[in-house]
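The values are calculated or read from the model by the stated rules, or taken from the named source; none is laboratory data. Source: prediction; values computed, not measured. Reconstructed Cβ throughout: ideal geometry from the backbone, glycine too, with neighbour counts over all protein chains shown.
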Amino acid sequence: MSAPKKIVNSENQSNFDRLHYLESRQDALLQTIREFVEIESPSDNKPAADRMAAFLAEKFALIGGRPQLHHAEDFGDNLQIDFPGAGNTKPVLLLGHFDTVYPLGTLPAMPCRIDNGQLRGPGVLDMKAGIALMLFAIEALQAWNGQLPRPVTVFLVSDEEVGSSSSRKITEDLARKSAAVLVLEPAAGLRGAVKTARKGVGDYTLTVKGVAAHAGLDPSKGHSAILELARQIAVISKWNDLKSGVSVNPGVIRGGTRTNVIAAEAVAEIDVRIKSAKQANGLDRKFHALKPFDKHCKLHIEGGINRLPMERNTGVAALYKKAQGIAKQIDWKLEEAAVGGGSDGNFTAGIGIPTLDGLGAVGEGAHAIHEYIVISELPRRALLLAGLIEVA
């Protein structure tokens with residue numbers, strides 16, 4: 001990352017001046033994103049994730065951050081970076097993750113490359129570009145003001161894609177000390193909307209224990225776990241209520257050993273999405289109230305809601321209004337969106353801290369082979385983040 005030109009006189013700077021500054025830094029920002037993408041960091045590979053954390057710690061230290069690694073046993077170490085700033089206000093928390101869904105060795109088949117105004121590569125949208133935007137927004141504020149206008153905490157987690165089990169408590173603790181949380185997950189769609197609501201996310205596992213028997217010699221002695229599971233899935237599917245924002249999806253099913261054996265066990269892994277926190281308890285009661293159709297079969301339920309919804313409350317709405325004001329100054333009509341996926345922003349909004357999500361890059365194809373970001377959108381995304389750090 002090349003050293004930026006210092007502009008320590010921001011009183012008369014318009015947001016257009018600031019945007020031009022960030023446009024002049026676009027190539028450096030792009031190169032930084034490429035560096036991040038080319039360090040593979042799958043959630044389930046601790047050595048790889050730790051390499052990414054160490055690299056990011058060095059990058060943020062170069063612009064005055066104080067990095068601290070939070071050790072995790074089963075995942076990469078989580079990275080906190082603290083920046084001092086003017087005034088006695090609470091810090092703003094910039095939240096994101098550096099783990100990706102792609103296994104180690106994906107890069108040769110899915111190289112990081114520029115194609116027709118787009119930067120492609122594994123994890124470029126979700127969400128290594130967002131981390132680079134944090135870095136460049138902080139650097140820009142330092143260039144404009146000589147120092148940050150307020151303290152800033154950056155927290156980058158290693159396990160967001162697999163549930164945030166090692167990082168959630170730290171995320172919530174840091175959020176409680178912060179005035180607001182700005183989440184650098186990807187924007188909503190190519191229109192670049194910020195996310196003011198997210199569904200809550202849950203995972204349930206339904207295990208059925210049946211009675212095995214020979215399918216030809218003793219079929220009457222068997223009690224099929226697969227048949228029982230199929231009946232239960234028919235019940236569960238009726239809980240879908242898309243109008244009220246509830247979706248229940250048995251996405252993985254397994255069971256049985258051989259075709260000539262009546263199955264003794266079958267399992268369904270079920271994804272749950274909810275729109276409001278009130279829906280969580282109702283669904284949980286339904287799962288635990290399931291009864292077997294065949295009295296010789298037994299049911300076992302595990303799991304629950306991992307992330308409560310990020311609801312559009314007054315704190316979220318106030319942050320969105322501030323973001324709109326910043327965007328309007330450069331003739332940008334910034335939209336908002338409610339989305340079905342969850343993020344770590346669900347945690348911070350869920351404990352009552354004003355949270356705005358989807359402040360990261362604009363693009364498409366998260367978790368897919370065609371994942372990309374739109375390069376020309378990067379400067380104004382950095383401008384929006386810098387402005388929100390000042391006023392949040």
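Couple of notes before you dig in:
- When segment 164-182 is filtered for residues that are surrounded by 16 or more Cβ atoms within 10 Å (Cβ to Cβ) and more than 29 Å from residue 387 (Cβ to Cβ), only 166 remains.
- Any hit, segment 333-352, residues being assigned to a loop (DSSP other than H, G, I, E, B), more than 20 Å from residue 96 (Cβ to Cβ) and among the acidic types (Asp, Glu): yes
Conditions tested, residue by residue: (1) more than 22 Å from the chain's Cα centre (by Cα); (2) among the hydroxyl-bearing types (Ser, Thr, Tyr); (3) within 30 Å of residue 227 (Cβ to Cβ).
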{"position": "287", "(1), (2), (3)": "yes, no, yes"}
{"position": "311", "(1), (2), (3)": "no, no, no"}
{"position": "318", "(1), (2), (3)": "no, no, no"}
{"position": "330", "(1), (2), (3)": "yes, no, no"}
{"position": "349", "(1), (2), (3)": "no, no, no"}
{"position": "354", "(1), (2), (3)": "no, no, no"}
{"position": "364", "(1), (2), (3)": "no, no, no"}
{"position": "374", "(1), (2), (3)": "no, no, no"}
{"position": "381", "(1), (2), (3)": "no, no, no"}
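- Summed over segment 281-314, residues that are buried (at least 17 other Cβ atoms within 10 Å of the Cβ) and either modelled with pLDDT under 95 or touching a Lys or Arg at 6+ places or on another chain (Cβ under 6 Å) (or both) total 7.
- Selection from segment 97-116 of residues that are at negative phi, of a type outside the set (Phe, Trp, Tyr) and within 23 Å of the chain's Cα centre (by Cα): 97, 99, 100, 101, 103, 104, 106, 107, 110, 111, 112
- Among the residues listed as 201, 208, 181, the single one being assigned to a strand (DSSP E or B) and touching a Lys or Arg at 6+ places or on another chain (Cβ under 6 Å): 201
- Boolean, residue 38 is within 30 Å of residue 329 (Cα to Cα), among the acidic types (Asp, Glu) and at pLDDT 95 or above: no
- Going through (1) within 30 Å of residue 323 (Cβ to Cβ); (2) loosely packed, with under 13 Cβ neighbours inside 10 Å; (3) touching a residue at least 40 places away in the same chain (Cβ under 8 Å) one by one, residue 243 falls short only on (3).
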